[in-house]
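So the structure is just underneath, and the comments pick up after that.
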Amino acid sequence: MGEYLPPPMQLLQLGAYVERELPDLRIELIDSQAERLNFKDLRSRIERIEPDVVAVSGNMTCNAYTVARTVQLAKEVDREITTVVGGQHYSFLAEECLRDTPELDFIVRSEGEGTFTELLRAVFGGAPVERVAGLSFRHNGTVVHNQDRPLIEDLDALPFPAYQLVERFLPLYHFRMMTGPGTRYFIVEGSRGCAHRCSFCTQSPHWRHTWRTKSPERIAAEFTAIHERYGDGESFMWLADDNFMLAHRGREFRDAMRTAGIGGDVSWFVQARADDLVRMRALVPDIRSVGCRWILLGIEHDSEAVLRDLGKKLSIPTARDAVRILNDADIFSQATFIIGSRKETAESVQGLRDFVSGLGAGLPIFMCLTPFPGTETYAEGLRNGWIEDHNWAHYDMAHAIMPTETLSRPRVQEELYECYHSFYGSAMRGLKGLMSPNPLKRRTYSHMLKKRVLRELRGM
């Protein structure tokens, strides 16, 4: 939703760790999106660099084919290149990915820093890869999965992300709807995982149903270091936490940000749970004072039956209260909603549209329930034969993948369009958005009108 070119956060974290642990290795990060490289261009780049190892980030399911084609290109250039992929999709489907992509040598499962670094030591030092925890590979025609690697206990021990590897691309990274022109856009990781177990979400199973956080002081230091070295005027930080956990670290986070002088030229975004936000409502104006300008709430639905189906434990009064708290604090409120669970009906979708119309969220985002590998939704969908679309490129939450008990898959797709049309097709709502005193809301509604988002959705 919107023009979006993010920095490759997973590779920046991985690159920083490898640089620290293996300083004699030369690392070159290719950002094909920033450079607008097609596969022919990418092949030429690989030929010129002559790498020993090509590692590709495979976090998003919808990019699975692009990742596979990249490792194929590497092997076409030189069969001796070692190809490695990591990320959630490949972690969950390591067996079939290695079976279906013979050009892929290794999959780094789950947390990548330690496993990838140890793999590089084995590749360059001739050590057996069978001892590398967290690694999957083929041996004599059989897929082998080494034991899981323990998760990193102290995230503060990780180096700062290696933005120096993409410094020439920093002026290109943007999220126009969120930051507007002239603002540097960065992604910072404050924590990993989520202890909640929503049936549709990959984050909890990927991080083994745990939540680990960097200290507030470390996050503030990361903000400061990135802004001072790479910022050019204003900086917008996407705090890539799946759950901000305000109740757990909110006061300490506020104090650390104040001590670091965050605010003014540095603003930031984060995701939070509505019940956590309501519990800590007195703290919300304080986080606004240290730069928080945008919070995303995963509300998902207003139907209790659908929420149970999604494994989402949230009351509707709490959701309403959370949006009201954000609006009162002048923090732009984004809320996400999911349609297409098994219990979804035409009536429940209409009820959701009515609910969202009166909720007051600045930016409602509607999505189709997508059975991402690794989730309970995926396992249940496979087991019951509900998954009708097996094209990974469509697993982007904008394409309907499954029917419900009463709605066909094409009907679910149509209902998604109607959700957007019912909200953003209102001329009066659009006019109010354009005249809002909140600059983020004005920019968002201007973007929605200029880019004709409804027309794009209609074409799916």
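The values are calculated or read from the model by the stated rules, or taken from the named source; none is laboratory data. All values derive from a computational prediction rather than experimental measurement. Cβ atoms come from the backbone with ideal geometry, glycine included; neighbour counts cover every protein chain shown.
Key figures for this structure:
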item: Helices (runs of 4 or more DSSP H) contained entirely in the range 337-437, each with at least 2 residues that are touching a residue at least 60 places away in the same chain (Cβ under 8 Å); result: 346-359, 376-384, 409-424
item: Hits in the range 112-165 (condition: assigned by TED's automatic domain parsing to the domain that holds residue 98, among the small types (Gly, Ala, Ser) and under 30 Å from residue 220 (Cα atoms)); result: 112, 114
item: Residue in the range 51-62 that is assigned to a loop (DSSP other than H, G, I, E, B) and modelled with pLDDT of 95 or more present; result: yes
item: Scan of the range 127-167 for residues that are within 14 Å of residue 108 (Cβ to Cβ), crowded, with 16+ Cβ neighbours inside 10 Å and not hydrophobic (A, V, I, L, M, F, W, C), ordered by number; result: 134, 136, 146, 149
item: One residue from 192, 197 being charged (D, E, K, R) and surrounded by 19 or more Cβ atoms within 10 Å (Cβ to Cβ); result: 192
item: 3 or more residues touching a Gly at 6+ places or on another chain (Cβ under 8 Å): qualifying strands (runs of 3 or more DSSP E) within the range 73-159; result: none
item: Candidate set: the range 245-264, residues that are modelled with pLDDT under 95 and of a type outside the set (Gly, Ala, Ser); chosen: the one farthest from residue 191 (Cα to Cα); result: 262
item: Failed item in (1) closer than 30 Å to residue 380 by Cβ; (2) among the hydrophobic types (A, V, I, L, M, F, W, C); (3) assigned to a helix (DSSP H, G or I), with residue 297 passing the rest; result: (3)
item: Residues of the range 265-292 satisfying the condition of being modelled with pLDDT of 95 or more and charged (D, E, K, R); result: 273, 275, 276, 279, 281, 286, 288
item: Residue that is crowded, with 16+ Cβ neighbours inside 10 Å, charged (D, E, K, R) and over 21 Å from the mean Cα position of the chain (by Cα), where the choices are 276, 286; result: 286
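Residues are listed down the side, and each one gets a yes or a no for (1) modelled with pLDDT under 95; (2) within 27 Å of residue 190 (Cβ to Cβ); (3) assigned to a helix (DSSP H, G or I):
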{"residue": "12", "(1), (2), (3)": "no, yes, yes"}
{"residue": "20", "(1), (2), (3)": "no, yes, yes"}
{"residue": "29", "(1), (2), (3)": "no, yes, no"}
{"residue": "42", "(1), (2), (3)": "no, no, yes"}
{"residue": "45", "(1), (2), (3)": "no, no, yes"}
